[in-house]
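Engineer: What follows is a structure written as structure tokens; I'll ask about it next.
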């Protein structure tokens with residue numbers, strides 16, 4: 001067997017593998033004998049089918065199978081011995097120089113295309129800058145949260161006139177172009193939460209209403225979420241897309257959530273008995289809880305943003321043509337070239353990040369141990385049960401963590417998360433981090449875009 005490598009450029013190479021009969025004959029003959037032991041053919045006892053007949057019927061496919069195994073072993077041995085960092089898998093290529101006649105086997109020559117990973121250099125130092133976004137937990141946000149908590153534990157009342165935070169129990173009826181009830185049109189009983197309506201004119205139109213008052217509304221302005229609007233009207237999501245015209249809204253009832261008083265009864269419900277004893281202490285506790293909650297969100301956003309930034313900064317070059325061909329050949333279903341061109345940038349971005357992250361991990365000798373994975377799972381489980389007011393003993397958490405870590409896919413996901421977490425910490429330690437405070441609404445907008 002003879003293997004030669006031809007480097008097309010830094011990212012592409014061709015492997016040419018030449019086989020002579022002496023390379024494959026012994027393996028082929030053994031495979032024929034093994035196959036003969038198990039083959040069933042009419043007129044012959046199992047294991048007694050003549051070798052010549054086995055070769056005649058099955059020799060070509062058996063030879064192809066054995067040569068394919070030899071080729072795969074030879075390719076990966078060559079890659080391993082020469083420390084070639086390949087992307088995807090080697091792909092067969094038809095060339096004018098290839099040899100082979102399966103009907104009359106002799107010399108064979110095969111060519112494979114290799115996509116080679118680029119050399120990546122990542123200089124993590126103070127010259128590399130990233131933004132870290134934090135929510136500005138100010139008086140307005142704290143007040144909003146305290147108000148929401150008080151409402152959550154409040155009581156429903158039935159005021160005479162609607163206000164900006166009320167809920168309307170209403171009948172909706174579809175109108176025709178002249179403003180009359182549409183015969184056979186949509187009719188539904190629903191609830192409209194005024195505070196969540198984004199269109200200001202529609203919101204103003206629903207404030208100050210009383211029972212039995214009637215107004216005309218554009219249903220698409222009651223909710224911009226099509227699933228929600230479909231439920232409100234009792235129709236399908238698809239029907240919402242084709243919905244036009246106005247509806248008549250008739251108020252049948254008004255409901256208002258009267259907030260609970262900021263007293264010891266509420267403090268105990270929110271923070272356990274006697275942990276908080278005044279409105280000022282509640283404000284401090286709310287501020288602390290918000291900062292803890294947003295810190296996790298900030299970490300998540302930082303990871304997402306620094307990945308985008310560092311991929312743009314380092315921007316390793318990929319063997320794009322090879323990778324596109326590899327995606328087409330390895331995809332389970334046929335894929336159009338147009339779809340490849342559309343989806344490839346996202347795939348390439350993910351691959352570039354994998355290369356960059358692997359380089360950071362190697363350069364900084366980052367390791368994740370099974371003990372760290374187990375500790376991470378236990379902390380997640382403890383938080384999850386705490387949300388339901390439950391506290392588990394360490395032995396129980398240990399047992400649950402072991403069960404979770406018995407799933408190979410789950411283990412891989414946990415390791416991936418911990419590696420990415422450690423990479424983010426290294427970046428924050430070595431690079432210049434610009435901390436930027438955003439209002440809650442600005443932060444949410446940043447997360448959503």
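Engineer: How do 128-134, 44-50 rank on mean C-beta neighbours within 10 Å, highest first?
Structural biologist: Values: 128-134: 16.0, 44-50: 12.0.
Ranked by mean Cβ neighbours within 10 Å, highest first: 128-134, 44-50.
Engineer: Rounded, prolate or oblate: pick one for segment 324-428, where a ≥ b ≥ c are the square roots of the eigenvalues of its C-alpha gyration tensor, a/c under 1.5 means rounded, and failing that, prolate if a/b is larger than b/c, else oblate. Could you put the intermediate results ahead of the total?
Structural biologist: On the way: a/c = 2.85, a/b = 1.84, b/c = 1.55.
It comes out prolate by the Cα gyration axes.
Engineer: Could you work out the relative contact order of segment 155-258? I mean the mean sequence separation of Cα pairs under 8 Å and 6+ apart, divided by the number of residues, in percent.
Structural biologist: Numbers: 210 pairs, mean separation 45.6, N = 104.
It comes to 44 percent, rounded to a whole number.
Engineer: Further question on the same structure: Let me have the 222 nm mean residue ellipticity of the chain computed from DSSP H runs of 4+ only, each contributing -39500 (n - 2.57), with the sum over all residues rounded to the nearest 500. Don't jump to the answer; show the numbers that get you there.
Structural biologist: On the way: 15 runs with 229 residues, N = 449.
About -17000 deg cm²/dmol.
Engineer: For the chain, what does the relative contact order come out to in percent, with C-alpha contacts under 8 Å and a separation of six or more?
Structural biologist: Over the chain, the number comes to 19 percent.
Engineer: Would you mind pulling out the separation of the Cα centroids of segment 20-45 and segment 101-119, in Å?
Structural biologist: 24 Å
Engineer: Just the projected area, averaged over all directions, of the convex hull on the alpha carbon atoms of segment 378-449: how many nm²?
Structural biologist: Working: hull surface 30.9 nm².
Seen from a random direction, the Cα hull of segment 378-449 projects 7.7 nm² on average.
Engineer: To continue, here is another question. Once you have a ≥ b ≥ c as the square roots of the Cα gyration tensor eigenvalues for segment 189-314, tell me rounded if a/c is under 1.5, and otherwise prolate or oblate according to whether a/b is larger than b/c. Spell out each step's value before the answer.
Structural biologist: Numbers: a/c = 3.16, a/b = 1.27, b/c = 2.50.
Verdict is oblate for segment 189-314.
Engineer: If you find the alpha carbon centre of segment 273-346 and of segment 152-185, how far apart are they in angstrom?
Structural biologist: First find each Cα centre; the distance between them is then 40 Å.
Engineer: The chain: percent of C-alpha pairs farther apart than 30 Å?
Structural biologist: Values: 70794 of 100576 pairs.
Result for the distance tail: 70 percent.
Engineer: Something else now. Place the peptides 239-252, 395-408 in order of packing, highest mean first, counting for every residue the other Cβ atoms within 10 Å and averaging per peptide. If you can, show how the numbers build up before the last one.
Structural biologist: On the way: 239-252: 15.9, 395-408: 13.6.
Descending packing order for the listed peptides: 239-252, 395-408.
Engineer: Give the angle, between 0 and 90 degrees and rounded to the nearest 10, that separates the Cα long axis of helix 370-386 from the longest principal axis of the Cα atoms of the chain.
Structural biologist: It is inclined by approximately 30 degrees.
Engineer: Can you tell me the order of 275-281, 263-269 when each peptide is scored by its average per-residue count of other Cβ atoms within 10 angstrom, highest first?
Structural biologist: 263-269, 275-281
Engineer: Can you tell me the 0 to 90 degree angle between the C-alpha axis of helix 21-38 and the longest principal axis of the chain, rounded to 10?
Structural biologist: The answer is roughly 70 degrees.
Laboratory data are not the source of any read-out in this text; all were calculated from the coordinates shown. Treat the numbers as computed from the prediction; the structure is a model and nothing was measured. A quick note on method: Cβ atoms are made from the backbone with ideal geometry, for glycine too, and the neighbour counts reach across all protein chains shown.
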